[in-house]
1. Quick check: anything in the range 116-137 polar (S, T, N, Q) and closer than 22 Å to Leu178 by Cβ?
2. Search the range 85-100 for residues that are without any contact (Cβ under 8 Å) to a residue 40 or more places away in the chain and open to solvent by 40 Å² or more (accessible area, probe 1.4 Å) and pair each with any residue that is of a type in the set (Val, Ile, Thr) and part of a loop (DSSP other than H, G, I, E, B) when their beta-carbon atoms are under 7 Å apart and the residues are at least 6 apart or on different chains.
3. Output the residues belonging to the range 179-199 that are among the acidic types (Asp, Glu) and under 20 Å from Phe98 (Cα atoms).
4. Output the residue which, of all residues in the range 68-119 that are basic (Lys, Arg) and out of contact with any strand residue (DSSP E or B) (no Cβ under 6 Å at 6 or more places or on another chain), is nearest to Glu171 (Cα to Cα).
5. Looking only at the range 32-44, which residues are at pLDDT below 95 and within 19 Å of Ser197 (Cα to Cα)?
6. For the list (1) more than 16 Å from the chain's Cα centre (by Cα); (2) open to solvent by less than 20 Å² (accessible area, probe 1.4 Å), I need the number of the one condition that Ala121 fails.
7. Go through (1) of a type outside the set (A, V, I, L, M, F, W, C); (2) assigned to a helix (DSSP H, G or I); (3) crowded, with 20+ Cβ neighbours inside 10 Å and name the single condition Arg8 misses.
8. Given (1) over 15 Å from the mean Cα position of the chain (by Cα); (2) open to solvent by 30 Å² or more (accessible area, probe 1.4 Å), identify the lone condition not met by Leu40.
Amino acid sequence: PSESDLARYWLYMMMVNTNPFQENLAFKLHDHFATATTVLGSANRHYYIDHINLWRHGGTGNLRQLLLDMTRDKAMLVWLDGISNRDGDPNENFGREFFELFCLGVDIEYTQADIVEAARAFTGYRQRYDSDTNLNYIEFDPDRHDHGEKTVLGQTIPAQTSGPTETDDYEAMVDIVLTTNEADTGVSRVGQWIVRSLLEYFCYADPAQNVIDELANDLRD
């Protein structure tokens, strides 16, 4: 598809869906987990169909599953250089945005060392070319994944001694960030960040902290 094809595809879904909130929320999540088609050439622009449907079908589901699917989304892997992130040469782009834009906010809880360790955890995917379809595709390559021990936000992801199936670093990263709580109140940091974003989009600007905290706990529960 061309870029305009993709835009028309989603606009059509927005107009004909009998549940317009599904499309409104999906559009909001697309903005929160920001990507664009500008880096997707003609051979991999088809990734965006699944990217759009990720928000459409997962937007009102389980947040843990949505975050995990987002880390492996093909358009996201291209957009934030996940396909270039490999053992021995980590790329920090996705790891940084995972904390700063997607889950926690700017300078909340994490350090530069956490970003570096997260980048190591998010290694392994690569892009290949299919000469039969004239399209690119993405696959996980265990040889490109960093199997060593990582420490992120004070929690340790054990080394993988028997291959990538022993410990799923992508799942470990999502679980670690979801268990990051504000020390004084015990309120989920991810819940606060997501809830604030949704309130400001659907309701009003500058929501009160007690409202954010209450809804963040509801989301976590």
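1. Quick first cut of the range 116-137, residues polar (S, T, N, Q) only: 123, 127, 131, 133-134, 136.
Keeping just the survivors that are closer than 22 Å to Leu178 by Cβ gives 123.
The answer is yes; a qualifying residue exists.
2. Glu100/Val106
3. Step one: list which residues in the range 179-199 are among the acidic types (Asp, Glu), which gives 182, 184.
Answer for the range 179-199, where residues must be among the acidic types (Asp, Glu) and under 20 Å from Phe98 (Cα atoms): just Glu182.
4. Going through the range 68-119, the residues basic (Lys, Arg) turn out to be 72, 74, 86, 96.
Retained after the next criterion (residues that are out of contact with any strand residue (DSSP E or B) (no Cβ under 6 Å at 6 or more places or on another chain)): 72, 86, 96.
On the way: Arg72: 10, Arg86: 18, Arg96: 17 Å.
Ranking the qualifying residues of the range 68-119, first place goes to Arg72.
5. Of the residues in the range 32-44, the ones at pLDDT below 95 are 34-44.
Listed by number, the residues that qualify are Ala34, Thr35.
6. For Ala121, the failing item is (1).
7. All conditions pass for Arg8, except number (3).
8. Every condition holds for Leu40 apart from (2).
The values are calculated or read from the model by the stated rules, or taken from the named source; none is laboratory data. Here the structure is a predicted model, which is why all the values come from computation and not from measurement. Cβ sites come from the backbone with ideal geometry, for glycine too, and all protein chains shown count toward neighbours. Calculation scope for accessible area: heavy atoms of the full protein, side chains included, ligands and nucleic acids excluded. Shrake-Rupley method; radii C 1.70, N 1.55, O 1.52, S 1.80 Å.
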